[in-house]
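The values are calculated or read from the model by the stated rules, or taken from the named source; none is laboratory data. Computed from a predicted structure; not experimentally measured. Every residue, glycine as well, gets a Cβ built from its backbone with ideal geometry; the counts of neighbours run over all protein chains shown. Please note that ligands, DNA and RNA were not included when accessible areas were found on the heavy atoms of the full protein model with its side chains. Shrake-Rupley method; radii C 1.70, N 1.55, O 1.52, S 1.80 Å.
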Amino acid sequence: QVHLAESGGGFVQAGGSLRLSCAASGDIVRIDFMVWYRQAPGMQRELVATITSGGRTVYADSVKGRFTVVRDNEKNTVYLQMNSLKPEDTAVYYCYADILLRGWLGGSDHWGRGTQVTVSS
């Protein structure tokens, strides 16, 4: 069993900042990709930022220069620092991780339940 727990969402005014966290727990051998997605009402889920186990990152164009993704491999935790927030950043933010569990031959997909971020204008 693996559990991804997101935290840090909330309500903020435009121009403000929030820091999201996602901690993975369970019988984990290794976590490869850790990814932040978001989904706004009536919209498809979109990729926000990806970080590999080696720290390589990829960002959506809409958040480049404003968001930063980092991870702590010892704590199995990924963070998303969101600065200069805009109303269009309002969404539920989900954490995804590709996790190799003890006793498994390959990685498996795991999702958190999401955390709401609301940015007012």
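For Phe11 and Gln39, what is the calculated FRET efficiency with R₀ set at 25 Å and r taken between the beta-carbons, to the nearest 0.05?
0.90
Rank Ala14, Val35, Tyr93 by how far each Cα sits towards the positive end of the charge dipole of the chain (+1 on Lys, Arg Cβ; -1 on Asp, Glu Cβ) and give me just the farthest.
Going by the Cα projections, it comes out as Ala14.
What is the sum of charges around Gly114, taking Lys and Arg as +1, Asp and Glu as -1, for the other residues whose C-beta is under 11 Å from the C-beta of Gly114? Numbers along the way, then the final one.
On the way: positive: Arg38, Arg45, Arg113; negative: Glu6.
Its environment carries a net charge of +2.
Compare Trp104, Trp36, Trp111 by solvent-accessible area with a 1.4 Å probe and give them largest first, with all protein chains kept in place.
Trp104, Trp111, Trp36
Could you give the nm distance between label points at Ser121 and Glu46, where each point is 7 Å from its Cα heading toward the beta carbon?
Each label point lies 7 Å from its Cα, and together they span 1.7 nm.
In nm, to one decimal, how far is the modelled label at Val2 from the one at Asn83, with both set 7 Å along Cα→Cβ?
3.1
First measure r as the distance between the Cβ atoms of Glu74 and Leu105, then evaluate 1/(1 + (r/R0)^6) with R0 = 30 Å and state the FRET efficiency to the nearest 0.05. Don't skip to the end; give the middle numbers.
Values: r = 24 Å, r/R0 = 0.82.
That gives a FRET efficiency of 0.75.
Given Cβ point charges of +1 (Lys, Arg) and -1 (Asp, Glu) and nothing else, what value in debye, to the nearest 20, does the dipole of the chain about its Cα centre take?
About 160 debye.
Just want the answer: with Cβ charges of +1 for Lys and Arg and -1 for Asp and Glu, which residue in Leu4, Gly107, Ser120 is farthest toward the dipole's positive end in the chain?
Of the options given, the answer is Ser120.
Taking 7 Å along the Cα-to-C-beta vector as the label spot, tell me the Ser62-Arg19 distance in nanometres, rounded to one decimal.
In this crude spin-label approximation the distance works out to 2.5 nm.
Take the alpha carbon gyration tensor of the range 25-67, find the square roots of its eigenvalues, order them as a ≥ b ≥ c, and report rounded if a/c is under 1.5; if not, report prolate when a/b exceeds b/c, else oblate.
oblate
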